[in-house]
Amino acid sequence: MEIRLLGPIEAVSESGVAQLGARKQRALLARLALDPNRTLPLERLVDDLWGDDPPATAAKIVQVHISQLRKVLPAGLIETRPPGYAIVLEPDAIDLFRFERLRDEGRTALNAGDAETAAGRFRQALAL
């Protein structure tokens, strides 16, 4: 499974692109992916999705979006962990973190005088 945050928010597996729902559902997936393997409390997710003016049913809406995401994503990808939820993924499965790793590798290579490796890493990062 790959989560793409750079550009349109997508979840891609060997079987193709998952059919994600509405904007808030995509935003919830993105929010979970920004902190992979870390439990995000329900209250934090509500605050991140709606800010200072959440609807009275915001917690229930998050639960519904989680349920819908679980239907289109591989089993076990999103875990319920009191007091909230976590996405279980290696950071390299998220394009943003791969970009940052490749960028850092490029900078390191450039600082070491290896322009060819640096250029390759920067090209890979930009391709994301």
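The values are calculated or read from the model by the stated rules, or taken from the named source; none is laboratory data. All values reported here derive from a predicted model rather than from experimental measurement. Reconstructed Cβ throughout: ideal geometry from the backbone, glycine too, with neighbour counts over all protein chains shown. The area values use the complete protein model at the heavy-atom level, side chains included, leaving out ligands, DNA and RNA. Shrake-Rupley method; radii C 1.70, N 1.55, O 1.52, S 1.80 Å.
Here are some notes:
- Test: residue in segment 68-75 that is touching a residue at least 40 places away in the same chain (Cβ under 8 Å) and of a type in the set (S, T, N, Q): yes
- Among the candidates Leu5, Leu45, Leu32, Leu40, residue that is without any contact (Cβ under 8 Å) to a residue 60 or more places away in the chain, under 12 Å from the mean Cα position of the chain (by Cα) and under 19 Å from Val88 (Cβ atoms): Leu32
- Leu96 vs. criteria in a helix (DSSP H, G or I), of a type in the set (A, V, I, L, M, F, W, C) and within 16 Å of Asp35 (Cα to Cα): yes
- The residues in segment 99-128 that are in contact with a Phe, Trp or Tyr (Cβ under 8 Å, 6 or more places away or on another chain) and in a helix (DSSP H, G or I) can be counted, and the count is 4.
- Tabulated pairs, segment 105-128, first without any contact (Cβ under 8 Å) to a residue 24 or more places away in the chain, second open to solvent by 50 Å² or more (accessible area, probe 1.4 Å) and among the aliphatic types (A, V, I, L, M), C-beta under 6 angstrom, 6+ apart or interchain: Ala118/Leu110
- Among the residues of segment 34-51, some residue qualifies, meaning at least one is hydrophobic (A, V, I, L, M, F, W, C) and closer than 19 Å to Met1 by Cα.
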